[in-house]
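Novice: Starting off with a structure, shown below.
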Amino acid sequence: MKITELAGRKRKMTGITNILQRVGFSPSGFILLVVLAVLPFIPPFSSEFILRWLIFGAFLAAQAVAFDLTAGYINVVNFGFAAILGLGAYTSAILANTSPYLIVQTGLTPWIGMFIGAIVAGFVGFILGFLTLRLRGLYAAIMAWFVGIAILGLARNLIKLTRGSLGLSPPSLLETSSNRPYFYIILTMMVAIYIICKIVTRSHYGLAFRALGQNIDAARASGINPTKYRVFNFTLSCFCAGLLGGFYAHYFVSLTPQAVMHTSKTVEVLAIAFIGGRGFLWGGILTAFPFVFFIEYLRSALPGLPGLHLVIYGVLMVLVMIYYPKGLAGFVVWAREKIKIYKEEKNGGF
Amino acid sequence: MLKIQDINAGYGFLQVLWDVVFEISEGEFVALLGPNGAGKSTTLRTIVGLIKPMKGEITFKDTQITPLTTHEIVNMGLSYVSESLNLFVNMSVYENLLLGAYTIKDVKIVDETIDFVFNLFPQLAERKKQLAGTLSGGERKMLAIARGMMSKPDLIMVDEPSLGLAPNLVENVFEALERLHEGGITILLVEQNVTLTLEITDRAYVIEQGKIVLSGKSSNLKKNDHVKSVYLGI
Amino acid sequence: MAERINSNDKTKTRKPAKKRVFGKLKTRTSAWVVIAVTIGLAIVIGKVGGVAQVVNAVVSGGMWALLAVGLALILGVMNIPNFSHGESFMVGAYVAYFVFSPLYKYNLVSGSKFLFIVGPFIGFIAAALAGFILGIIIERLIFSPLRKRTRERWVMNAFLLTVGISFILTNGTNLVIGPNFRGIPRYWDVAPFSFLGVRLTVDRIVAFTIAVVSIAVLWFFLRRTKTGRAIRAVSQDESGADMVGINIQFIHTLTFGLGTSMASVAGACLLFMFQAYPTVGLKPLYFAWYVVMLVGLGNVSGAIVGGFIVAFLQAGTQQFIGVAWEEVVPTIVMMLVLIVAPSGIFGSEVKGIQEQ
Ligand SMILES: Nc1ncnc2c1ncn2[C@@H]1O[C@H](COP(=O)(O)OP(=O)(O)OP(=O)(O)O)[C@@H](O)[C@H]1O
Ligand SMILES: [Mg+2]
């Protein structure tokens, strides 16, 4: 097939760069990742306080990657993203429950529960993919939003299962008070999600996604089966969200419907993903960390202004969408091209 | 009345018009002829401000209209009947006409003009309450021209009124245009029906691949060899 | 500009007339079925739960209709799926609160009868004005620049922008005014009326009346005035509107202002039910969208009926299925509707929504 050939065609590269490139890292991107990985041992960042910021950054970044898989490729904004993440979190938390207040007391270890949560979330994503299949952009977004609100409503109302608005206190993942191990767990998750999504989008799936995102009828006419690709995309994205939900549940050890599933949580992820740039996957990662730091700094510097960071999120998102829709990643790509051209010109001069 | 100087225009990176120059004086009936895709409609769209020219100047009634927006240009007394007609399909014939007179404040004048166009197109008067979307092709053309008339323009530009019409309807429409012209209105007509057009117009320009290649009195153009062989098929 | 001309060419290659008539018939039938079911539901609710339930549903139906009409208007004329509609509601609630409360306090001292009656209306008018101004600012600041930059993927981009606006407004309010609930027990301290054996407060009656009157005025404005006709013209064919000399920018600003203002009025009228707080708009937004998706995007007249349909569906859910499922039933209903009639039961009137 022609598509696969195109996708498989790679520039000739040597050794390690080649391998990195295959899993979606440019050399500079990889260096950034290594820096991130050693950060917890470098003084200001090694404090528990700042480690929490790093964890939160990685958590947001990973969400943005999973979100971008649908929003940036098949052009469907999954407005129920936070609810699906919450579904994963709740599944794992309920399975881990041992207290007699709930009807389920399996006491399953979070390590397995997280994956079950992810599977449940993935399954709902599968259904959501089918539901929104025939719907174009806006309809699909609203439908996903309604599904998200339905899940939120269930979490609030199935009191015997979820304790309703009171929320759950799931057990923590590790028996340690240090944040460092958690950082490496979420960092691994983030990298794994990124690599999986990148490999998928690098394959002929990615081309099919983009074709569907551009024009679903034209894509169908050229033999791309929308059902298969859209449903797969939703399933994968929601699976990742569910997994991250599991991490949330067992790291923050507190879960209320409002705090994880609310529409505004989806909007936060959406803002990060869009400011980062749609359709690159790594844009969100690049944005999330500086953002979290900036925001947490704001929060500690101006304690009297709660939610200022959210306003800034919103304003930035609006500005980016009007004036620079390519986002941060688009800018980086553009700058890289410029530098390359400049270098070539310079070399050509000699 | 209308003067177009060295216009370059197009869509995005695609340039369609190259140094287009022409001029229409008051009271004239001028045709713009050319093959498909020559840029006739693009010329009209540029004049009316739907497309901004990359280069050149358009003057209407001694005012530079290049920087103006469409509704400002229409307000100055220039009316445009597009190829796709752009009727308000979910509104009645009457409402379409009322909207055509949007720029006119005086209700009495509006009523008079409506009488005038109903007189011009009696078929429309019979279908006053009918939705524009349910009119026949010919009736739509008439409605579009009538709507264009409603603003009491000094110059009306009509894009291919004969497109897709049966011959007898074409004659109807052309007759209506002639009557308008006799009433003192300046007309710029874009047409593919060259024989008929050269019959009724005073002058004509021929545009090919975005450039004006010929111009002159209609009666002279009829005898021109190029026009004969390419457009009249003689 | 090129985009606009393209979209016109599309109207030319519309579906053949025969098919459209059939399509219309089909949507008509489904509309009648839904209306009949709603009336049946109303009767059953009346029989089982008492007339009070029905009256309550009618009152909230009026409000959902008012909200949905504003949403549908903005959607139909400007192709903007407004996710910040709830924030217009919120602004209305706050403005009414901040205008009415001092008046109320003053009145406790002065005891002016006139002010007692008129005070709430001053709050409503202030809310309507504030909403109108907010709409104008948003349109000028955000949509106008976007429209000039690009018309590509307009619907989705506009939608996401309104998401951003909603986010800014809720969090901005939280920042400036704080998260506290600000409400009033009632606007008019009068004993409730009795109607069909149902006790109805003056507040409710007035809220319903205002909803009905606002919708009627809007209807008249759109049908009978020159500017209203221009608004409809823009919604049907933007280039055509441009060609007859309508200032589209002005119409857009006006429309957004009107739509926003209607939501603000709803927020003000319902202050006695929904206290003002930053995210108070979420539920109204949800219902407005529910209505609009159900009846067909951008269908203004459908939205009026839809408000009542939704109110009865909700009343029925509470009565027969249980409050716990209040958020689940709409999702299922919407799924079914979108499967049976993908462009809503009354049909969509928005061009360009079908393209991505
Ligand atoms: N909206 C558009 N976007 C891009 N290109 C366009 C657009 N409209 C027209 N063109 C191109 O511009 C060129 C001139 O088109 P134009 O419509 O002016 O031709 P015309 O002379 O009116 O032809 P016809 O007699 O078929 O109406 C054509 O090549 C056409 O493909
Ligand atoms: Mg043409």
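The values are calculated or read from the model by the stated rules, or taken from the named source; none is laboratory data. Just so we're clear, the structure is a prediction, and the values are computed from it rather than from any experiment. No Cβ is skipped: glycine too gets one built from the backbone with ideal geometry, and neighbour counts run over all protein chains shown.
Novice: Which ranges mark the helices (runs of 4 or more DSSP H) fully within segment B:118-234 that have 3 or more residues being away from ligand 1 (no atom under 16 Å from the Cβ) and of a type in the set (S, T, N, Q)?
Specialist: Once the helices (runs of 4 or more DSSP H) in segment B:118-234 are filtered for at least 3 residues that are away from ligand 1 (no atom under 16 Å from the Cβ) and of a type in the set (S, T, N, Q), what remains is B:218-221.
Novice: Select from segment C:205-218 the residues that are in contact (Cβ under 8 Å) with a residue 60 or more places away in the chain and under 17 Å from the mean Cα position of the chain (by Cα) and write down the one among them that is farthest from B:F88 (Cα to Cα).
Specialist: C:A207
Novice: Cβ contacts < 7 Å: first residue farther than 25 Å from C:D242 by Cα, restricted to segment B:26-51; second residue within 10 Å of ligand 1 (Cβ to nearest atom) and outside any helix (DSSP H, G or I), any location; separation 6+ or different chain. Result?
Specialist: These pairs meet every condition: B:L33/B:E191; B:G34/B:I207; B:G34/B:E208; B:P35/B:E208.
Novice: Please state which of the following conditions A:A219 fails to meet, knowing it meets all the rest: (1) crowded, with 18+ Cβ neighbours inside 10 Å; (2) touching a residue at least 60 places away in the same chain (Cβ under 8 Å).
Specialist: The one condition A:A219 does not meet is (2).
Novice: When you check B:E23 against the structure, is it charged (D, E, K, R), more than 16 Å from ligand 1 (Cβ to nearest atom), within 9 Å of another protein chain (Cβ to nearest Cβ) and touching a Lys or Arg at 6+ places or on another chain (Cβ under 8 Å), yes or no?
Specialist: In short, no.
Novice: Answer with yes or no whether A:F274 is within 30 Å of C:R153 (Cα to Cα), surrounded by fewer than 22 Cβ atoms within 10 Å (Cβ to Cβ) and modelled with pLDDT of 90 or more.
Specialist: Criteria not met by A:F274.
Novice: Considering only segment B:25-103, give the helices (runs of 4 or more DSSP H) lying wholly within it that have at least 3 residues that are within 16 Å of ligand 2 (Cβ to nearest atom) and buried (at least 19 other Cβ atoms within 10 Å of the Cβ).
Specialist: It comes to B:40-47.
Novice: Starting from residues that are on the phi > 0 side of the Ramachandran plot and within 16 Å of ligand 2 (Cβ to nearest atom), keep the ones in segment B:183-214 and report whichever is surrounded by the fewest Cβ atoms within 10 Å (Cβ to Cβ).
Specialist: B:Q209
Novice: For segment A:249-260, state whether one or more residues are more than 14 Å from chain C (Cβ to nearest Cβ), among the polar types (S, T, N, Q), within 28 Å of C:L282 (Cβ to Cβ) and assigned to a helix (DSSP H, G or I).
Specialist: no
Novice: Please enumerate the residues belonging to segment C:259-285 that are surrounded by fewer than 24 Cβ atoms within 10 Å (Cβ to Cβ) and either of a type in the set (V, I, T) or within 13 Å of the chain's Cα centre (by Cα) (or both).
Specialist: Listed by number, the residues that qualify are C:T279, C:L282, C:K283.
Novice: What do you reckon, is C:A303 of a type in the set (A, V, I, L, M, F, W, C), touching a helix residue (DSSP H, G or I) at 6+ places or on another chain (Cβ under 9 Å) and more than 24 Å from B:G100 (Cα to Cα)?
Specialist: yes
Novice: Could you list, in sequence order, all residues of segment C:40-63 that are under 22 Å from the mean Cα position of the chain (by Cα) and free of Cβ contacts under 8 Å to residues at least 24 places away in the same chain?
Specialist: none
Novice: Continuing with this model, one more query. What pairs come out if I take residues in segment B:150-165 that are more than 10 Å from every other protein chain (Cβ to nearest Cβ) and within 16 Å of ligand 2 (Cβ to nearest atom) and pair them with residues that are in a loop (DSSP other than H, G, I, E, B) and polar (S, T, N, Q) whose C-beta lies under 8 Å away, six or more apart or interchain?
Specialist: Qualifying pairs under 8 Å: B:D159/B:S82; B:E160/B:Q192; B:S162/B:Q192; B:S162/B:N193; B:L163/B:Q192.
Residue-by-condition table, conditions (1) touching a residue at least 12 places away in the same chain (Cβ under 8 Å); (2) closer than 29 Å to A:Y205 by Cβ; (3) away from chain C (no Cβ under 14 Å):
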position	(1), (2), (3)
A:F239	yes, yes, yes
A:F247	yes, yes, yes
A:T266	yes, yes, no
A:A271	yes, yes, no
A:I275	yes, yes, no
A:L281	yes, yes, yes
A:P290	no, no, yes
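Novice: Of all residues in segment A:226-243 being aromatic (F, W, Y) and over 13 Å from the mean Cα position of the chain (by Cα), which is modelled with the highest pLDDT?
Specialist: A:F232
Novice: If you scan segment C:164-182, which residues turn out to be more than 12 Å from C:V91 (Cβ to Cβ), of a type outside the set (S, T, N, Q) and within 7 Å of another protein chain (Cβ to nearest Cβ)?
Specialist: Those that are more than 12 Å from C:V91 (Cβ to Cβ), of a type outside the set (S, T, N, Q) and within 7 Å of another protein chain (Cβ to nearest Cβ): C:G164, C:F167, C:I168, C:L175.
Novice: Now, a different point. Can you tell me which residue is farthest from the other protein chains (Cβ to nearest Cβ) among those in segment C:108-125 that are surrounded by 15 or more Cβ atoms within 10 Å (Cβ to Cβ) and in contact (Cβ under 8 Å) with a residue 40 or more places away in the chain?
Specialist: If we take residues in segment C:108-125 being surrounded by 15 or more Cβ atoms within 10 Å (Cβ to Cβ) and in contact (Cβ under 8 Å) with a residue 40 or more places away in the chain, then C:F116 is farthest from the other protein chains (Cβ to nearest Cβ).
Novice: Let me ask another. Would you be able to say whether some residue in segment A:165-176 is among the charged types (D, E, K, R) and either over 25 Å from A:W111 (Cα atoms) or assigned to a helix (DSSP H, G or I) (or both)?
Specialist: No.
Novice: Shifting gears a bit: For segment B:111-147, what are the residues that are within 16 Å of ligand 2 (Cβ to nearest atom) and small (G, A, S)?
Specialist: Selection gives B:A144 alone.
Novice: Then there is this: What tally of residues in segment A:196-212 results from selecting those that are within 14 Å of chain C (Cβ to nearest Cβ) and either closer than 21 Å to A:S26 by Cβ or under 19 Å from the mean Cα position of the chain (by Cα) (or both)?
Specialist: Counting residues in segment A:196-212 that are within 14 Å of chain C (Cβ to nearest Cβ) and either closer than 21 Å to A:S26 by Cβ or under 19 Å from the mean Cα position of the chain (by Cα) (or both) gives 2.
Novice: Condition (residue is part of a helix (DSSP H, G or I) and free of Cβ contacts under 8 Å to residues at least 12 places away in the same chain) applied to segment A:131-144: is it met by at least one residue?
Specialist: yes
Novice: How many of the residues making up segment B:144-182 are surrounded by fewer than 18 Cβ atoms within 10 Å (Cβ to Cβ) and closer than 16 Å to B:D202 by Cβ?
Specialist: Within segment B:144-182, residues that are surrounded by fewer than 18 Cβ atoms within 10 Å (Cβ to Cβ) and closer than 16 Å to B:D202 by Cβ number 3.
Novice: Taking segment B:12-24 as the region of interest, how many residues are away from ligand 2 (no atom under 13 Å from the Cβ) and either polar (S, T, N, Q) or in contact (Cβ under 8 Å) with a residue 40 or more places away in the chain (or both)?
Specialist: Final tally of qualifying residues: 7.
Novice: Here is a follow-up. Check A:N97 against each of (1) part of a helix (DSSP H, G or I); (2) more than 10 Å from chain C (Cβ to nearest Cβ); (3) touching a residue at least 60 places away in the same chain (Cβ under 8 Å) and name the one condition it does not meet.
Specialist: That leaves (1) as the condition not met.
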